[in-house]
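This report refers to the structure that appears directly beneath it.
The values are calculated or read from the model by the stated rules, or taken from the named source; none is laboratory data. Quick caveat, the model's predicted, so the values are computed rather than measured. FYI the Cβ positions are ideal-geometry reconstructions off the backbone, even for glycines, and counts take in every protein chain you see. In case anyone asks, the SASA skips ligands and DNA or RNA and just uses the protein heavy atoms, side chains included. Shrake-Rupley method; radii C 1.70, N 1.55, O 1.52, S 1.80 Å.
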Amino acid sequence: MLFDKIDEWVGGTLFIPPIIKLCQVTRQSQFAVSRLFWFITALDGFYHADTLFSSILWGGMSVIMMITAARRADSPTASFRFFRMLSLVFLALDLIAAGVTGKWAGVEFWLLVLIAEYAATIRTVPPADVSKRTAVQARAGR
């Protein structure tokens with residue numbers, strides 16, 4: 001289907017390579033990175049909350065995401081193509097609205113959601129390129 005190809009291209013081109021590099025550099029699993037970005041997304045929602053109800057909602061979600069990121073960091077998590085495509089549409093709409101109005105605050109929310117969701121789709125992280133790392137260490141005198 002068309003959505004499958006769009007999802008595969010967006011993930012494989014824009015999101016998955018930097019996420020894999022982040023996993024290799026930090027030596028964290030893709031699931032830990034996914035939970036980290038969900039926590040950052042909750043904090044971003046809390047930062048942009050403008051009512052008492054939304055502050056309580058996003059604050060509660062931030063606490064829940066912090067606990068799950070700490071207790072179940074490496075547990076596998078699910079990601080749904082429908083939710084990724086919906087988030088991509090909302091990101092595109094926010095980018096268009098920000099381009100027209102000049103108000104860019106809040107656009108990063110959907111970008112963080114997509115990073116968290118695409119990190120959850122990665123099943124295996126390839127090992128980092130050891131030859132580059134050892135060459136840098138050798139030049140540093142280690």
So, first residue more than 14 Å from I122 (Cβ to Cβ) and of a type outside the set (S, T, Y) in the range 1-14, second residue part of a helix (DSSP H, G or I) and open to solvent by 100 Å² or more (accessible area, probe 1.4 Å), Cβ within less than 7 Å, six or more apart or across chains; the pairs are F3/R81
In the range 101-122, which residue that is in contact with a Gly (Cβ under 8 Å, 6 or more places away or on another chain) and open to solvent by less than 40 Å² (accessible area, probe 1.4 Å) is farthest from M85 (Cα to Cα)?
F109
Give all pairs with beta carbons closer than 7 Å in which a residue from the range 80-95 that is without any contact (Cβ under 8 Å) to a residue 40 or more places away in the chain and closer than 13 Å to D4 by Cα meets a residue that is assigned to a helix (DSSP H, G or I) and among the acidic types (D, E); count only pairs at least 6 apart in sequence or on separate chains.
F83/E117
Any residue in the range 22-34 that is in contact (Cβ under 8 Å) with a residue 40 or more places away in the chain sitting within a Cβ distance under 7 Å of a residue that is in a helix (DSSP H, G or I) and among the polar types (S, T, N, Q)? List the pairs, counting only those 6 or more apart or interchain.
C23/Q30
Considering only residues that are touching a Phe, Trp or Tyr at 6+ places or on another chain (Cβ under 8 Å), surrounded by 18 or more Cβ atoms within 10 Å (Cβ to Cβ) and without any contact (Cβ under 8 Å) to a residue 60 or more places away in the chain, which ones fall in the range 35-55?
A42, F46
Just one of the numbered conditions (1) surrounded by 13 or more Cβ atoms within 10 Å (Cβ to Cβ); (2) over 15 Å from the mean Cα position of the chain (by Cα) is not true of R71; which one?
(1)
